[in-house]
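**Q** Quick one: this structure, given as structure tokens, is what I'll be asking you about.
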Amino acid sequence: MLAELKYPKTHRKKLRTNNVQECANYEIKRRTRVVQVFPSAASLERLVGAVLEECDEKLVDALLHDPRIA
């Protein structure tokens with residue numbers, strides 16, 4: 001948590017807002033709150049897998065369309 005303090009202030013916001021794991025965890029929590037009770041462990045795994053796949057697709061799209069990456 002405090003590791004980000006060693007970076008300049010201008011970089012800190014980007015470090016916090018670009019954390020892919022935090023984004024994935026937020027999406028998983030948001031979607032599991034809607035369902036609340038899963039009929040089986042497999043259905044929970046499918047939902048989590050779909051969320052992670054969607055996050056991965058967003059990340060890949062962002063990286064492919066970023067003009068700074070050569």
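**Q** Search region 25-38 for residues that are among the small types (Gly, Ala, Ser) and pair each with any residue that is surrounded by 11 or more Cβ atoms within 10 Å (Cβ to Cβ) when their beta-carbon atoms are under 7 Å apart and the residues are at least 6 apart or on different chains.
**A** Hits for this filter: zero, empty list.
**Q** Pairs under 8 Å by beta carbon, first residue more than 15 Å from Asn25 (Cα to Cα) and at pLDDT below 80 in region 52-70, partner open to solvent by 70 Å² or more (accessible area, probe 1.4 Å) and part of a helix (DSSP H, G or I), six or more apart or different chains?
**A** Ile69/Leu63
**Q** Here is a follow-up. Considering only region 17-45, state which residues are at pLDDT 85 or above, loosely packed, with under 10 Cβ neighbours inside 10 Å and not aliphatic (A, V, I, L, M).
**A** Arg33, Pro39, Ser40
The values are calculated or read from the model by the stated rules, or taken from the named source; none is laboratory data. None of these values were measured; they are calculated from a predicted model. Cβ coordinates were reconstructed from backbone atoms using ideal geometry, including for glycine residues, and neighbour counts include every protein chain displayed. We work out accessible area using only protein heavy atoms, side chains counted, and drop any ligands, DNA or RNA first. Shrake-Rupley method; radii C 1.70, N 1.55, O 1.52, S 1.80 Å.
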